[in-house]
1. Which of the helices (runs of 4 or more DSSP H) found entirely inside the stretch 120-218 contain at least 3 residues meeting this: within 26 Å of A89 (Cα to Cα) and within 15 Å of the ligand (Cβ to nearest atom)?
2. Go through (1) free of Cβ contacts under 8 Å to residues at least 60 places away in the same chain; (2) in contact with a Lys or Arg (Cβ under 8 Å, 6 or more places away or on another chain) for H17 and report which single condition fails.
3. From the list V71, V55, V5, V42, pick out the single residue that is over 27 Å from D129 (Cβ atoms), touching a helix residue (DSSP H, G or I) at 6+ places or on another chain (Cβ under 7 Å) and aliphatic (A, V, I, L, M).
4. Which ranges mark the strands (runs of 3 or more DSSP E) fully within the stretch 1-119 that have 3 or more residues being within 15 Å of the ligand (Cβ to nearest atom) and under 19 Å from the mean Cα position of the chain (by Cα)?
Amino acid sequence: MTKQVLILGASGQIAGHAIQFLLNETTDHLLLFVRHPKKLPVIDDQRETVITGDVLDNNELGSAIAQADVVYANLRNPQIEQQARNIVAAMKQHGVKQLVWISSIGIYDEVPGKFGQWNNEQLGGGQTDSYLGTYRAAADVITASDLDYTIIRPAWLTNKDEVDYEITRRGEDFKGTEVSRKSIGKLVAQVIEQPQKYAQTDLGVNKPGTDGDKPAWY
Ligand SMILES: NC(=O)c1ccc[n+]([C@@H]2O[C@H](COP(=O)([O-])OP(=O)(O)OC[C@H]3O[C@@H](n4cnc5c(N)ncnc54)[C@H](OP(=O)(O)O)[C@@H]3O)[C@@H](O)[C@H]2O)c1
């Protein structure tokens, strides 16, 4: 079935990979929601529609969500919790159930050992107003909803041209230190195509065999 896939933050780097997989492997129509349309590459008018808007503007967000069958949020912002609140409320209002949400390694203090300690030091583990604190608050908004959400917690991101990943579930220790943006894009496309399989899941994602005290480039 061809779906209308709304991509919030469609000019983002992971979103760019997800868009390529969705265009190549599905017949879905993509609604590309961006603050700055000039940041998008060439658009296929048959398959993609650009919507200019800001997730923090409830009117712009609501009219985009009203057109969607599924929402994929690829956002980065200090106001990430407010963004999550706006998205959950608009999805409820318009009866849209599936949400794919990009979050981060470490929001549940799930990273073991020395790498976990380093990760907390870098990203503000234990502080409510830090990167990890705000991303955790946003994830809590989503997991408290009755949406068919999939939260994706990538390890430290690379731009390697590879798809190579493994998954851990919420409650399990995180594995590895890194993963490619392309791998996350591939997983996002799979989640969108198999909503039942991934409904109400919360996934850590890493490249196998990358355990260490820090990502390799540090
Ligand atoms: N770097 C890492 O190692 C790492 C590891 C794990 C998770 N993450 C997280 O993974 C997420 C995705 O990563 P990425 O590399 O794809 O990020 P990215 O390239 O920075 O993309 C984020 C997108 O969000 C958009 N955005 C932010 N606020 C918005 C708003 N209010 N309305 C509409 N769009 C908005 C930005 O648009 P504009 O162009 O308009 O700013 C940008 O296109 C980020 O949250 C990142 O923190 C990163």
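1. 131-143, 181-193
2. Of (1) free of Cβ contacts under 8 Å to residues at least 60 places away in the same chain; (2) in contact with a Lys or Arg (Cβ under 8 Å, 6 or more places away or on another chain), only one is false for H17: (1).
3. Working: V71 fails: over 27 Å from D129 (Cβ atoms); V55 fails: over 27 Å from D129 (Cβ atoms); V42 fails: touching a helix residue (DSSP H, G or I) at 6+ places or on another chain (Cβ under 7 Å).
On inspection, the qualifying residue turns out to be V5.
4. Details: elements: 4-8, 29-34, 48-52, 70-73, 98-102.
Output list reads 4-8, 29-34, 70-73, 98-102.
Laboratory data are not the source of any read-out in this text; all were calculated from the coordinates shown. Because the structure is a prediction, the values reported are computed rather than measured. FYI the Cβ positions are ideal-geometry reconstructions off the backbone, even for glycines, and counts take in every protein chain you see.
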